[in-house]
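Here the structure comes first, spelled out in structure tokens, and everything after it is commentary.
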Amino acid sequence: ALCRKKLSPIQSGSIKTWACAIIHAIGTINFLYDKSTTPYISNQDLIGYFNVSKSTASGKSKQIRELLKMHQSDYKWMIPSMIDNSPMAWIIMVNDFAVDIRTMPFEIQEQAFQKGLIPYIPK
């Protein structure tokens, strides 16, 4: 997604900095730094692995999240194990009401999936 941007920011800078920032951005969306989740790694350990400064990694991570409009309720950036447990991946607007699509009839779930509003049709 970053490489497809017309003015991709990864065309300049260190490869290890961008690698760290990409993992940091996706990790932020998936609560990677929360000890109660799996997978888990501390922010310090991740940044230390790439030998990048904390401010650089955080800054580039924020830049990526803003550029790609990443947020914690967007299933497109969630790892599969997080989607099932994330209520926000399943909340959509139906007739101006926020509803959990998992409680709706199959036909509505199918339409929501076809429109790309949900990651898959729940069982």
Next item on the list: Would you please put 79-87, 58-66, 24-32 in order of how densely packed they are, using the mean number of other Cβ atoms within 10 angstrom per residue and starting with the highest?
Entry: 24-32, 58-66, 79-87
Check: In whole Hz, what ³J(HN,Hα) sequence does the range 101-117 give by Karplus (6.51, -1.76, 1.60; θ = phi - 60°), x for Gly and Pro?
Finding: 4, 5, 9, 8, x, 3, 4, 6, 4, 5, 5, 4, 5, 4, 7, x, 7
Margin query: Counting other C-beta atoms within 10 Å, and keeping those with at most 14, which DSSP coil trypsin sites (Lys or Arg not before Pro) do you find in the range 1-58?
Written below: Arg4, Lys5, Lys6, Lys35
Next item on the list: About the Cα centre of the chain, how large is the charge dipole given +1 on each Lys and Arg Cβ and -1 on each Asp and Glu Cβ? Please answer in debye to the nearest 20.
Entry: 640
Checklist line | In Hz, Karplus ³J(HN,Hα) per residue of the range 75-87 (6.51, -1.76, 1.60; θ = phi - 60°; x = Gly, Pro) | finding: 4, 5, 10, 8, 6, x, 5, 7, 4, 4, 8, 9, x
Check: Per residue, how many Å² of accessible area does the range 2-123 show with a 1.4 Å probe?
Finding: 66
Item checked: Apportionment of accessible area to carbon and sulfur, the chain, percent (1.4 Å) -> 58
Check: Could you give me the ³J(HN,Hα) list for the range 41-55, computed from phi with Karplus coefficients 6.51, -1.76, 1.60 and θ = phi - 60°, whole Hz, x at Gly and Pro?
Finding: 8, 6, 4, 4, 5, 4, 5, x, 4, 8, 6, 10, 5, 4, 5
Note to self: I want to make sure I understand the PRE zone here: with the label point 7 angstrom from the Cα of Phe113 toward its beta carbon, which residues in the range 52-88 have backbone N atoms less than 20 Å away?
What the structure shows: 74-88
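The values are calculated or read from the model by the stated rules, or taken from the named source; none is laboratory data. A quick note: this is a predicted structure, and the numbers were derived from the prediction, not measured. All Cβ positions, glycine included, derive from the backbone under ideal geometry; neighbour counts span all protein chains shown. These area figures cover heavy atoms from the full protein model, side chains too; ligands, DNA and RNA do not enter into them. Shrake-Rupley method; radii C 1.70, N 1.55, O 1.52, S 1.80 Å.
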